[in-house]
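The values are calculated or read from the model by the stated rules, or taken from the named source; none is laboratory data. Given the structure is predicted, the values throughout are model-derived calculations rather than measurements. Don't worry about glycine lacking a Cβ; one is built from the backbone with ideal geometry, like all the others, and counts go over all protein chains shown. Ligands, DNA and RNA are stripped out before the accessible areas are found, and what is left, the full protein with its side chains, is counted by its heavy atoms. Shrake-Rupley method; radii C 1.70, N 1.55, O 1.52, S 1.80 Å.
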Amino acid sequence: MNQPSTHHELPENNKVSAVLTPTSSDALPLGPEQGPEQGTVTQCETAAANSSKGAETAPVQCAEEIVETIQTPAAVALEHAIPVPSYVYVAGKLRVHFPTRGLEKEYEAAAQALGLNPRNFNLVFTHKDKNGNLTYRYIAEQVSWILSVEGQDAYVLLPNSSDELDEFIDALTFDSASNLADETYSVAIGVKGPVAPDKMSDDKPLPMVRCHHLFHFTTAHLQQELSGENTTTIAISNVLDALTKKPNIGVSDFDRAKNFIAYRYPTIYAASHQGNHVSCHSGSNHSSANDAQFLEDLQVQYSNVAPGRTIVDIILTYQKTISGRQLSYFASVDVSDEFPFLHSNLTDYIPTNY
């Protein structure tokens, strides 16, 4: 975005605000009602006076003419139009990127001073001195945060406030026993913006996302939460793979709905394991206790049950391993706003072709 020539160049770490924040230079020229005060001489009047005196002057396009040219119905509509935000609900792996070599060296010196593995960003960024001050917080505030999906860098995440920055830092879990970053899912919710500057995106054309919330967990954590439901890791992975089947960058209505179900609705995993009695369904005994079920198919479609809202139905079809019988369930997700929510709980689904 062009800045007025009288402005000084912004520091590197402030360029994001300049990209995402409109400036006065973006506005259209003033309309007639915002013109010069009475009693002042306009550029058009000056040009006319010089012409009447025979003076040779360069052609001048009057401000009034410019305004008349610009104020077409389309231009007026564009001026007053509110851009439709592009919401993002995406899961991936979060990593730290240093936009400058100097900042990277600053971090390495901090890790060395603390006697920590340089890959342990969480402990470095959360270290406190004897007075309780976060010693190296200033580094965390200046690094770039890149989220990758299925091994491919997808977004540069911008924390909306210090709260989101805390969430970013918390997501940088570390396994000290193996010296490897733990396999952690980071789920980001925010609004998609323009492409990030090269230094922030590791010289890749990655869009920025203004992140309003980020949470993280591992598959092991999810299994622990569902231990009361007697859900197995295989059952979790089976459904998770289907819901997050690539490519899923969390922008379309369907992808956002699937990601919400995958990471905010654990009942979906219990259904995949309990072939006999699923507490969230009708509870009828569909088959014998030994006839387990696996996810056979997953479909998404729009629903018109709530006019004015964007509702997505997610239909899961399971098949019994012994009898081969298929059972279908569905849940509805409202994705009209930045934060999706469950419109209807998981329940039995009867296909229309039955």
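Looking at the stretch 327-344, can you tell me whether even one residue there is exposed (fewer than 13 other Cβ atoms within 10 Å of the Cβ), at pLDDT 95 or above and either outside any loop (DSSP other than H, G, I, E, B) or not small (Gly, Ala, Ser) (or both)?
Keep residues of the stretch 327-344 that are exposed (fewer than 13 other Cβ atoms within 10 Å of the Cβ), which gives 337, 341.
Of the ones still in play, those that are also at pLDDT 95 or above are 337, 341.
Still in the running and either outside any loop (DSSP other than H, G, I, E, B) or not small (Gly, Ala, Ser) (or both): 337, 341.
Checking the stretch 327-344: at least one residue is exposed (fewer than 13 other Cβ atoms within 10 Å of the Cβ), at pLDDT 95 or above and either outside any loop (DSSP other than H, G, I, E, B) or not small (Gly, Ala, Ser) (or both).
Being of a type in the set (S, T, N, Q), within 29 Å of HIS212 (Cα to Cα) and open to solvent by less than 80 Å² (accessible area, probe 1.4 Å) is the requirement here; does GLN301 meet it?
yes
Give VAL191, VAL143 a once-over and let me know the one that is hydrophobic (A, V, I, L, M, F, W, C), within 15 Å of the chain's Cα centre (by Cα) and either over 25 Å from ALA220 (Cα atoms) or open to solvent by 20 Å² or more (accessible area, probe 1.4 Å) (or both).
VAL191
In the set LEU295, LEU316, which member is modelled with pLDDT of 85 or more, assigned to a strand (DSSP E or B) and open to solvent by less than 40 Å² (accessible area, probe 1.4 Å)?
Going through LEU295, LEU316 in turn, the sole match is LEU316.
Please determine, by comparing only the residues of the stretch 200-219 that are part of a loop (DSSP other than H, G, I, E, B) and in contact with a Ser or Thr (Cβ under 9 Å, 6 or more places away or on another chain), which one is modelled with the lowest pLDDT.
The residue in question is THR218.
Being at pLDDT 70 or above, farther than 23 Å from THR347 by Cβ and either surrounded by 15 or more Cβ atoms within 10 Å (Cβ to Cβ) or over 16 Å from the mean Cα position of the chain (by Cα) (or both) narrows it down to one of PRO247, PRO266, PRO197, so name that one. Talk me through it step by step, then tell me what you get.
Working: PRO247 fails: either surrounded by 15 or more Cβ atoms within 10 Å (Cβ to Cβ) or over 16 Å from the mean Cα position of the chain (by Cα) (or both); PRO266 fails: farther than 23 Å from THR347 by Cβ.
Every option except PRO197 fails the conditions.
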